[in-house]
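Read the figures in this text as sums done on the coordinates, not as results from a lab. Because the structure is predicted, anything quoted here is derived from the model rather than measured. Heads up, the Cβs are rebuilt from the backbone with ideal geometry, glycines too, and the neighbour counts pull from every protein chain shown.
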Amino acid sequence: MDENIKKIIPFARKYKTHVVWNVIHNILYALFGTIGMVMIFPVLKVLFGNEEKVTKLPDYNGLMNIGSYLNDTLFYYVNHFSETYGPDYALLLTVSLVVFTFLFKNLFGYLGLQHLTKIKTGVLRDLREKMFKKIIELPIPYYSEKRKGDVMARMLGDVNEVQNSFFMVLELIVKEPLTILFSLVSMIYISWKLTLFVFIFIPVSGFIISRIGKSLKGKSAKAQQENGFLISVVEETLSGLKVVKGYNAESFFSNTFSGSINRLYKLTNSIGKKNNLASPMSEFLGIVVISILLFYGGNLVLVDKSLDGSLFIAYIGLAYNILTPAKAISKASYQVKNGLAAAERVFEVLEVENTIQDKVDAIVLDDFKNEIQLKNINFSYGEESVLKNFSLTIPKGKTVALVGQSGSGKSTIANLLTRFYDVNNGKILIDNHNIKDVTMKSLRGLTGLVTQDSIMFNGTIKENIRLGNLEATDEDVINALKIANAYEFVKDLPEGIETNIGDSGNKLSGGQKQRLSIARAVLKNPPIMILDEATSALDTESERLVQDALENMMQNRTSVVIAHRLSTIQKADKIVVMQKGEIVEQGTHEELLAKGGTYSKLVMMQSFE
Ligand SMILES: Nc1ncnc2c1ncn2[C@@H]1O[C@H](COP(=O)(O)OP(=O)(O)OP(=O)(O)O)[C@@H](O)[C@H]1O
Ligand SMILES: [Mg+2]
């Protein structure tokens with residue numbers, strides 16, 4: 001069995017009862033389908049006026065003779081009706097039997113499908129749920145190399161493909177083969193000689209069909225991959241629309257897009273070609289076999305006289321009854337191949353090992369008492385080392401500022417403190433607990449983070465700010481906005497805190513977004529605040545507002561402030577000057593100025609601006 005099928009079974013296990021009911025209904029469906037075909041036989045008999053003259057009800061004598069028992073019972077009633085009410089009533093009786101068996105066949109078919117739908121949609125829901133959990137659980141480094149669109153395609157497209165094509169397996173293994181089996185049994189019962197032909201036909205056509213299906217899985221995996229790329233292109237183009245338009249780069253992105261859709265075009269065409277071949281080919285092969293049957297069987301009827309004509313027509317009906325499921329199977333087996341390729345992509349994500357995880361015996365740290373220590377940290381994202389033997393102590397209640405040239409590793413420290421990344425060497429201790437020994441939930445509960453790029457979601461101001469504290473009242477939200485110096489602009493908005501701020505907060509200015517992200521951290525009210533100040537040059541008025549906001553927030557709190565505007569951090573308890581991942585100077589504003597080193601040069605440069 002394919003590995004991906006094995007992996008999907010646990011998902012279906014939850015819907016056991018539906019599986020059982022589906023199987024039961026499908027068995028009944030196949031049974032009535034076969035009986036329906038057999039029921040054509042008495043109709044024909046009555047029609048041609050050569051029904052068997054059974055004048056008394058037969059005795060039941062064992063399962064072995066069930067065929068002739070049922071046959072005789074039926075013809076007893078046919079006779080009885082014919083003699084008492086006339087032949088048209090006998091015809092009505094036999095035709096009604098056909099109608100009822102087909103009614104039951106389709107009723108059970110419907111019920112079987114109902115249960116299948118429940119399984120399909122249930123597994124789809126569970127897979128999506130599990131996938132989303134995994135996606136947000138995976139650490140930040142995982143997404144450094146991945147394209148967002150690829151993950152989206154797996155989450156939305158591939159999961160869907162799994163449900164659409166994959167659950168054909170259930171039909172494939174229950175419904176259709178049973179129809180074939182029941183029909184075959186009846187066919188053997190009618191004429192074993194004729195049935196030999198069918199037995200020769202099945203493996204031959206199975207072989208041809210599987211030959212065509214072989215290359216299909218690889219192709220559809222490629223197509224799904226391309227699909228991921230396509231979604232990425234759309235996603236990136238839309239989120240960078242200002243740059244696309246501002247740089248007249250529409251044609252560049254259009255070209256990337258058309259390159260991708262053309263590759264998809266070729267791939268899907270070649271997949272389609274094979275898919276389309278499946279049913280006409282099996283139909284043709286089927287008709288060839290039926291024709292041979294007609295020829296050979298016709299001989300048995302006409303020349304040999306060893307087969308009853310009506311029985312032979314019912315037999316052909318049964319043979320056709322095999323053809324339809326055979327067609328469905330060959331078609332489904334192709335689609336299952338697409339589904340398997342999709343399932344593989346889904347499980348690839350579900351099985352990624354999470355490199356940043358809680359230890360089994362991780363402790364819950366719900367209080368910050370003394371100090372944060374960074375001890376001899378070495379860190380690199382890739383090859384090049386970003387932090388070299390970096391040590392720093394941040395005592396409780398103090399503000400430590402990190403300054404230094406762009407790329408010196410300031411934001412990296414914020415990434416490490418919040419454990420978005422793990423250090424390569426050395427350790428980070430909070431009150432002497434290595435943060436690797438602490439649950440991530442409790443660690444992140446202790447810290448408030450204002451990122452360099454103010455991250456906003458499409459929603460109202462209130463929703464965006466309440467993220468860190470879902471119980472907060474409107475009043476709390478307004479208080480936080482006041483501390484962050486944001487209320488003065490929010491109160492002027494038409495709907496106040498209920499105003500929608502657009503996709504990623506597009507309807508707001510850079511400084512406004514910055515103050516909202518500060519308000520978000522304020523509302524969370526964590527003991528440790530990590531502020532990565534945005535580099536965007538604000539005008540003096542907004543700068544003062546943001547600076548006041550920061551100062552308000554830092555009061556009575558332990559803060560790590562990454563600053564680009566040195567004016568913001570003059571009051572910091574300690575200023576750490578970084579260069580290429582190392583500390584070159586540290587001290588208070590006054591001490592560093594007096595020293596006349598790197599910091600004083602930076603201050604001089606900024607006051608010139
Ligand atoms: N996700 C990442 N993957 C690989 N390298 C990265 C990643 N993030 C940052 N870097 C690299 O690490 C180095 C330090 O980056 P960092 O973001 O810490 O700088 P910074 O001091 O915050 O700079 P800025 O003042 O411009 O914000 C840079 O050379 C950068 O190229
Ligand atoms: Mg930075």
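A few notes on this one:
- Once backbone amide H atoms are built at 1.01 Å from N, Asn370 has Asp431 as its partners under 5 Å, excluding neighbours fewer than 5 places away on the same chain.
- Two-site FRET efficiency, Asp431 against Glu250, from Cβ-Cβ distance with R₀ of 51 Å, rounded to 0.05: 0.40
- C-alpha long axis of helix 66-85 to longest principal axis of the chain, angle in °: 60 degrees
- Förster radius 22 Å - calculated FRET efficiency between Trp192 and Leu294, Cβ distance, rounded to 0.05: 0.80
- Cα gyration tensor shape of the stretch 282-429, rounded if a/c is under 1.5, else prolate or oblate by comparing a/b with b/c: prolate
- Since only Val98, Pro10, Tyr76 are under comparison, the one whose Cα sits farthest along the positive direction of the charge dipole of the stretch 1-138, derived from C-beta charges on Lys, Arg, Asp and Glu, is Pro10.
- Relative contact order of the chain, pairs being alpha-carbon contacts under 8 Å that are 6 or more residues apart, as %: 13 percent
- Rounded to the nearest Hz, the phi-derived 3J(HN,Hα) couplings of the stretch 268-276 under the Karplus curve 6.51 cos²θ - 1.76 cosθ + 1.60 (θ = phi - 60°) are 5, 4, 6, 5, x, 4, 6, 4, 5, where x marks glycine and proline.
- Only the Cβ atoms of Lys and Arg (+1) and of Asp and Glu (-1) were treated as charged; on that basis the dipole of the stretch 29-109 about its Cα centre amounts to roughly 180 debye.
- In this Cβ point-charge picture (+1 for Lys and Arg, -1 for Asp and Glu), the chain has a dipole of about 1180 debye about its Cα centre.
- Long-range HN-HN contacts of Thr558 with modeled amide H, under 5 Å: Gly397, Met529
- Gyration tensor (Cα) of the chain, equivalent ellipsoid semi-axes in angstrom: 77, 25, 22
- Of the residues Leu294, Ser220, Leu429, the one whose Cα sits farthest towards the positive end of the charge dipole of the chain is Leu294 (charges of +1 on Lys and Arg Cβ, -1 on Asp and Glu Cβ, taken about the Cα centre).
- Computed magnitude of the charge dipole of the stretch 3-350 (debye, nearest 20; Cβ of K, R +1, Cβ of D, E -1): 1520 debye
- Using the Karplus relation 6.51 cos²θ - 1.76 cosθ + 1.60 with θ = phi - 60°, the per-residue 3J(HN,Hα) values for the stretch 135-143 come to 4, 7, 7, 4, x, 3, x, 4, 8 Hz, with x marking Gly and Pro.
- Within the stretch 371-605, percent of DSSP bridges classed antiparallel, to nearest 5: 55 percent
- Treating r as the C-beta distance of Glu475 and Lys146 and R0 as 51 Å, the FRET efficiency rounds to 0.80.
- Additional length obtainable on full extension of the chain from Ile313 to Ala594, 0.36 nm per residue less Cα span: 90.3 nm
- Relative contact order for the stretch 3-350: 29 percent, from Cα pairs under 8 Å spaced at least 6 residues apart, divided by residue count.
- Of the GluC sites (Glu not before Pro) in the stretch 440-506, those whose Cβ has at most 15 other Cβ within 10 Å and which sit in DSSP loop: Glu471, Glu495
- Gain upon complete extension [Asp422, Tyr89; 0.36 nm per residue less C-alpha separation]: 111.3 nm
- Nonlocal amide H pairs with Val584, under 5 Å, H built at 1.01 Å: Val577, Met578, Gln579
- A dipole drawn for the chain from +1 and -1 charges on Cβ atoms has a positive end, and of Leu238, Leu156, Ile461 the residue lying farthest that way is Leu156.
- Share, in percent, of DSSP beta bridges within the chain that are antiparallel, nearest 5: 50 percent
- Shape call, the stretch 47-106: gyration tensor on alpha carbons, a/c limit 1.5: oblate
- Along the stretch 518-530 the Karplus relation, 6.51 cos²θ - 1.76 cosθ + 1.60 evaluated at θ = phi - 60°, assigns HN-Hα couplings of 5, 4, 4, 5, 4, 5, 5, 6, x, x, 10, 10, 10 Hz to successive residues, with x for each Gly and Pro.
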